[in-house]
Amino acid sequence: MKQRLAIVAAATALVALALPGIVAAADTQVVAGKVIGAHGTLLVATNNQMTLYTFDKDVAGNGASNCSGGCLTKWPALTVAAGDTPTGGAGVTGTLGTITRADNSALQVTYNGLPLYFFANDKAPGDANGIYPGWKAIVLAAAATAPPTSTAPVSPGSAPGGDPVPALLFAGIAALGFLVTIRRLATVRS
């Protein structure tokens with residue numbers, strides 16, 4: 001009985017280690033933060049990694065967009081399907097919502113009450129060509145300054161920058177080893 005309980009506990013630990021990957025695969029995030037050159041971490045659409053913008057003529061929380069017609073051609077709206085609730089990834093701390101556009105009834109995503117737009121002249125992820133008077137990119141975190149350089153050697157096995165992958169890999173291997181050991185004990189005692 002104790003052996004089965006130990007096996008179930010080990011299997012539960014393995015599932016818990018795999019769970020973040022499973023949840024991320026099923027996530028329906030609409031926006032996320034992404035470092036864009038010297039601009040810092042900007043709000044981008046998760047489906048194409050393109051920078052998102054707000055329009056100075058829009059009023060937060062009034063439920064309307066002041067960009068239509070030719071403006072909307074140059075500044076396409078970020079929209080979601082009816083019934084979808086927009087969510088944000090790590091670093092997105094503002095409030096996400098939607099407004100119903102008056103011109104086409106599409107659900108346009110809002111950030112802190114302001115409608116979100118793409119810029120037609122941004123051609124690739126990382127472009128931020130729409131930052132100019134009247135339009136702003138949403139800065140989630142300022143650009144990092146270069147850290148002071150260190151002459152201290154990096155020891156083997158250390159993870160500069162705090163990369164969690166080696167630690168997760170080690171934990172997974174340790175859990176697998178634990179399962180194999182429990183299985184062997186169960187076989188020996190049978």
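For segment 43-59, what are the residues that are over 17 Å from PRO86 (Cα atoms) and hydrophobic (A, V, I, L, M, F, W, C)? Break it down into steps so the answer makes sense when it comes.
Residues of segment 43-59 that are over 17 Å from PRO86 (Cα atoms), as a first pass: 55-59.
Answer for segment 43-59, where residues must be over 17 Å from PRO86 (Cα atoms) and hydrophobic (A, V, I, L, M, F, W, C): PHE55, VAL59.
Going by the structure shown, is LEU107 touching a strand residue (DSSP E or B) at 6+ places or on another chain (Cβ under 9 Å), among the aliphatic types (A, V, I, L, M), open to solvent by less than 70 Å² (accessible area, probe 1.4 Å) and closer than 20 Å to VAL139 by Cβ? Give the steps one after another, and end with the answer.
Values: touching a strand residue (DSSP E or B) at 6+ places or on another chain (Cβ under 9 Å): yes; among the aliphatic types (A, V, I, L, M): yes; open to solvent by less than 70 Å² (accessible area, probe 1.4 Å): yes; closer than 20 Å to VAL139 by Cβ: no.
No, not satisfied.
Can you confirm whether ALA143 is open to solvent by less than 90 Å² (accessible area, probe 1.4 Å), in contact with a helix residue (DSSP H, G or I) (Cβ under 9 Å, 6 or more places away or on another chain), at pLDDT below 55 and part of a loop (DSSP other than H, G, I, E, B)? Can you show your working first?
Numbers: open to solvent by less than 90 Å² (accessible area, probe 1.4 Å): yes; in contact with a helix residue (DSSP H, G or I) (Cβ under 9 Å, 6 or more places away or on another chain): yes; at pLDDT below 55: no; part of a loop (DSSP other than H, G, I, E, B): yes.
For ALA143, the condition - open to solvent by less than 90 Å² (accessible area, probe 1.4 Å), in contact with a helix residue (DSSP H, G or I) (Cβ under 9 Å, 6 or more places away or on another chain), at pLDDT below 55 and part of a loop (DSSP other than H, G, I, E, B) - is not met.
Of the conditions (1) modelled with pLDDT under 95; (2) part of a loop (DSSP other than H, G, I, E, B); (3) open to solvent by 60 Å² or more (accessible area, probe 1.4 Å), THR187 satisfies every one except a single condition; which number is it?
(2)
For segment 110-139, which positions are of a type in the set (Ser, Thr, Tyr) and either touching a residue at least 40 places away in the same chain (Cβ under 8 Å) or open to solvent by less than 20 Å² (accessible area, probe 1.4 Å) (or both)? Steps first, answer last, please.
Start the filter on segment 110-139 by keeping residues that are of a type in the set (Ser, Thr, Tyr), which leaves 110-111, 117, 132.
Those that are of a type in the set (Ser, Thr, Tyr) and either touching a residue at least 40 places away in the same chain (Cβ under 8 Å) or open to solvent by less than 20 Å² (accessible area, probe 1.4 Å) (or both): THR110, TYR111, TYR117.
Taking the residues in segment 92-118 that are among the small types (Gly, Ala, Ser) and either assigned to a strand (DSSP E or B) or touching a Ser or Thr at 6+ places or on another chain (Cβ under 6 Å) (or both) as candidates, determine which candidate is farthest from ILE131 (Cα to Cα).
Of the residues in segment 92-118, the ones among the small types (Gly, Ala, Ser) are 94, 97, 102, 105-106, 113.
Then drop every residue that is not either assigned to a strand (DSSP E or B) or touching a Ser or Thr at 6+ places or on another chain (Cβ under 6 Å) (or both), which leaves 97, 106.
Working: GLY97: 23, ALA106: 25 Å.
Among residues in segment 92-118 that are among the small types (Gly, Ala, Ser) and either assigned to a strand (DSSP E or B) or touching a Ser or Thr at 6+ places or on another chain (Cβ under 6 Å) (or both), the one farthest from ILE131 (Cα to Cα) is ALA106.
Taking the criterion of being outside any helix (DSSP H, G or I) and modelled with pLDDT under 95, would at least one residue in segment 7-24 satisfy it? Before you say what the answer is, go through the steps one by one.
Keep residues of segment 7-24 that are outside any helix (DSSP H, G or I), which gives none.
The answer is no, given that none of the residues of segment 7-24 is outside any helix (DSSP H, G or I) and modelled with pLDDT under 95.
Have a look at ALA77, ALA81, ALA90, ALA64 and point out the one that is at pLDDT below 95, out of contact with any Gly (no Cβ under 6 Å at 6 or more places or on another chain) and either of a type in the set (Phe, Trp, Tyr) or open to solvent by less than 80 Å² (accessible area, probe 1.4 Å) (or both).
Details: ALA77 fails: at pLDDT below 95; ALA90 fails: either of a type in the set (Phe, Trp, Tyr) or open to solvent by less than 80 Å² (accessible area, probe 1.4 Å) (or both); ALA64 fails: at pLDDT below 95.
Result of the check over ALA77, ALA81, ALA90, ALA64: ALA81.
One residue is enough: does segment 41-52 have a residue meeting the conditions among the hydrophobic types (A, V, I, L, M, F, W, C), out of contact with any helix residue (DSSP H, G or I) (no Cβ under 7 Å at 6 or more places or on another chain), over 28 Å from ALA143 (Cβ atoms) and not in a strand (DSSP E or B)? Working first, answer last.
So in segment 41-52, the residues among the hydrophobic types (A, V, I, L, M, F, W, C) come out as 42-45, 50, 52.
Checking the rest, the ones that are also out of contact with any helix residue (DSSP H, G or I) (no Cβ under 7 Å at 6 or more places or on another chain) come to 42-45, 50, 52.
So of that shortlist, the ones also over 28 Å from ALA143 (Cβ atoms) come out as none.
There is no residue in segment 41-52 that is among the hydrophobic types (A, V, I, L, M, F, W, C), out of contact with any helix residue (DSSP H, G or I) (no Cβ under 7 Å at 6 or more places or on another chain), over 28 Å from ALA143 (Cβ atoms) and not in a strand (DSSP E or B).
The values are calculated or read from the model by the stated rules, or taken from the named source; none is laboratory data. Just so we're clear, the structure is a prediction, and the values are computed from it rather than from any experiment. Cβ coordinates were reconstructed from backbone atoms using ideal geometry, including for glycine residues, and neighbour counts include every protein chain displayed. The accessibility values were calculated without ligands, DNA or RNA, using every heavy atom of the protein model including side chains. Shrake-Rupley method; radii C 1.70, N 1.55, O 1.52, S 1.80 Å.
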